[in-house]
């Protein structure tokens with residue numbers, strides 16, 4: 001009894017005064033009418049809506065319960081708990097010429113400015129570039145940044161090399177293709193590369209960010225690509241079925257087709273004025289060696305002759 005008395009002995013200033021026998025009104029109601037339910041003054045008020053539970057952030061790779069999965073699927077705005085990287089170009093090196101030795105940088109800038117000099121690289125600055133897991137099919141120097149080289153490999157990748165860098169020489173790995181890459185060409189501004197391969201596509205990729213800008217799909221393995229010298233918005237592609245296609249990058253579609261029943265296209269070269277294109281084909285199976293090289297009229301989509309031109313005729317044509 002003493003314990004009960006002490007438990008109810010403290011009364012705040014807001015409590016009602018005790019009735020006879022030391023009982024409060026609430027206590028009397030509870031004692032006299034134990035079966036009656038005390039009415040709340042706010043019993044007729046509309047209850048406030050309860051806030052929706054927010055799913056807890058998940059640890060990547062951690063267990064997600066059935067309740068949490070249901071909550072995640074019901075709210076499309078929730079971020080992916082296990083995001084997948086969309087980067088096509090791991091940044092593993094520097095593209096800038098600031099990492100080049102001073103003497104090499106001076107030589108390269110002079111070469112780009114004058115566009116003259118020997119095409120033979122001095123032995124003193126020769127370098128080996130190791131990085132492709134399989135054979136390399138094509139390489140090309142950048143027209144505007146003489147220290148950058150692009151390479152296309154059978155390992156499905158295009159590599160961008162800062163060749164003379166003191167540090168990491170392989171600056172970018174472009175993982176856009178799903179099969180072997182057969183050819184790669186730099187754009188005129190040096191900001192992107194055009195590559196093609198056995199996944200039946202040509203792809204234009206931003207070098208700095210590794211972002212795939214455009215995809216050009218065909219129904220043949222694409223063996224070779226070449227920009228039109230007079231207009232880098234156009235390029236020609238040649239493939240395994242002997243098809244030649246002139247593409248407009250701005251429209252993303254073929255604007256000219258060059259049809260001739262020959263073997264796979266091996267190489268393409270434009271004349272200086274871009275009015276003619278020369279192609280070489282693999283016709284070993286058909287024993288038509290005289291038709292292995294053809295000169296095409298670019299705008300009219302026709303060969304300049306019904307017969308292929310031999311090496312001597314090609315030399316006369318180009319001269």
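The values are calculated or read from the model by the stated rules, or taken from the named source; none is laboratory data. All values reported here derive from a predicted model rather than from experimental measurement. When we count neighbours, we look across all protein chains shown, and the Cβ atoms used for this are built from the backbone with ideal geometry, even at glycine.
Observations on the structure shown:
- Test set (1) assigned to a loop (DSSP other than H, G, I, E, B); (2) over 19 Å from residue 294 (Cβ atoms); (3) not assigned by TED's automatic domain parsing to the domain that holds residue 92 - residue 255 fails condition number: (1)
- Restricting the range 226-240 to residues that are out of contact with any strand residue (DSSP E or B) (no Cβ under 8 Å at 6 or more places or on another chain) and assigned to a strand (DSSP E or B), the residue that is surrounded by the fewest Cβ atoms within 10 Å (Cβ to Cβ): 231
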